Structures are given as C-alpha cells and as structure tokens.
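A quick write-up on the structure given underneath.
The values are calculated or read from the model by the stated rules, or taken from the named source; none is laboratory data. Treat the numbers as computed from the prediction; the structure is a model and nothing was measured. Please note: Cβ atoms are built from the backbone with ideal geometry, for glycine as well, and neighbour counts cover all protein chains shown. Please note that ligands, DNA and RNA were not included when accessible areas were found on the heavy atoms of the full protein model with its side chains. Shrake-Rupley method; radii C 1.70, N 1.55, O 1.52, S 1.80 Å.
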Amino acid sequence: MPRPPRTAALTVLVVDDEAPARNEVAWLLDQDERVGRVLTASSGTSALAALEREHVDVVFSDISMPGLDGMQLARVIRRFSERPQVVFVTAHDTHAVDAFDLDAVDYLMKPVRPERIGEAVRRCLAATDRDDEPEATPEDDETIPVELGGVTRFVRRSEIRWVQAQGDYARLHTPTGSHLVRIPLATLEERWAEAGFVRIHRSTLVSTRHISEIHNDGGRCTVLVDGTELQVSRRHTRHLRGTLLRPRATTDEG
C-alpha cells in the first residue's frame, strides 16, 4: 500500500562504503515521517558529487571509509556557504572529540537503533529551526560529546557551570551532574572565551553568567557558582573582576 504524502521536508544523504550498513540507515530514515527524501552514496567523493547536484539538509556519514573519510568529508562540508547538518554513524567512539570540533549534530554508534535515528532527526530539525531564525545569536550554543553508560550523548555549552582540569581531561559540571571529556582545559578556555568562560584558577574555568557572588576575605577570593564555592587564584583575581565589571559599565552608559 503506498505511503500517504509527507509534510516534512528533510532531505537526507546517507554515506557509507558498506552497503548493508548504508541500506539499514537509509531504511530507518525512510520510516521517519519527518524525512522527505533519502539519498545514498558509497564514498566521500560520491557524496560530494551528490551534494553538488542536490539540496541536502542532513548528511549521515560513516567515518572509516577508504579515500575521503567521514571526518574529511565533514571538513569540506564545513566550508560550504549553505552547509547541511552532519550526523556521524560509526562503530568507534574514538572520534567523539573530533565530532565536537566539527559541530556535528549527533554521533550514532553502530548498530544503530531506531530510537537513536529518531533522536538524531529531532536534533537536526531543531538545528535547522535555529538556522532559519532571522538573526543568529552572537554565540552559537555548542554541543560536547560525553560518554554516559556506554552511550555517547551531547551536552550543551549553555548547561555547563564550570570546568575542572584533570590532566589531559576536563570535567564539565552541569546542574544534573558532571562529565569527564578528553579535552584539555586550555583548549576550552580559548574556544569559549567569547561565550563568557574565564579562567579563575590554573585548574578551573567558569561561566561568568552563572557567578552569583564574589567574596574577598583576607586576600582569599572565591566565587559562588550554582551554589558551589570555587577558589580564585591571586593571579586571576584582577582579570576576573575586570571581566565581571566590564559589561556592567557598558550597560550603565546605555
């Protein structure tokens, strides 16, 4: 029996050099009423050719492929003036940090479950809605892949209150818990400076928008972030105060 016409408009391109995996993902996407068309490609090169011919909203790509692999394909897509969303579909979790750097919407582990495909489609639609807003916000809310119970999930930067360094790793603190990720604190400090994150200690990075109080007792400076008291080192105290006071002075002038 033919399927009734769909109202959704997502056009999806599935890229995988292995036909069984490619066909499985394509079939699962075809069952989703929010997906309009499903195209397929057997390599990164053929995917680029398809992207030149067709308008595509989302690319579901394997990572380990001969020739142009999924990561390289995503880097090329990132340079498009009108770029599709990217979802990685892989059997390995070792590329999650790279996916974060490439602004991937989701990161699916093989074998892919129908509910994870549905969640990925939901994320893509939400990202598309944000792109369609008349004026983009100056700081796009990034997502960070985290491992939780053997499942890779994404935490939004806006949820993070502070970050603690743990060697080459960083622990992200949110209202619902903490997550250890393999990203150096110095990398996050540089990447998130414009989003209001500032170093207050050699091992601590905080979101200034979530600082509710600052105390100075006998030369010992601390800040209260989401109910937790965090120490500010002497070398970072002046910079922190300047950062907190600068927006306030601008507001007063307006």
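Here are some notes:
- Rolling a 1.4 Å probe over the protein heavy atoms leaves His236 with an accessible area of roughly 30 Å².
- Taking all protein chains together and rolling a 1.4 Å probe, Ser42 ends up with roughly 60 Å² accessible.
- Pairs of alpha carbons in the range 9-127 separated by more than 21 Å make up 26% of all such pairs.
- Degrees separating the helix 19-30 axis from the principal Cα axis of the chain, which is the longest one: 80
- Put simply, the amide H of Val146, placed in the peptide plane, has neighbours under 5 Å in Arg153, Phe154, Val155, leaving out anything fewer than 5 places away on its chain.
- A Förster radius of 45 Å combined with the Cβ-Cβ distance from Glu18 to Ala193 puts the calculated FRET efficiency at roughly 0.65.
- Taking all protein chains as shown and a probe of 1.4 angstrom, Thr128 keeps an accessible surface of around 40 Å².
- log10 of Debye I(q)/I(0), alpha-carbon scatterers only, for the chain at 0.15, 0.16 Å⁻¹: -1.05, -1.14
- Of the trypsin sites (Lys or Arg not before Pro) in the range 53-87, those whose Cβ has at most 15 other Cβ within 10 Å and which sit in DSSP loop: Arg78, Arg79
- Per-residue accessible area (protein heavy atoms, 1.4 Å probe) orders Leu13, Leu48 as Leu48, Leu13, starting from the largest.
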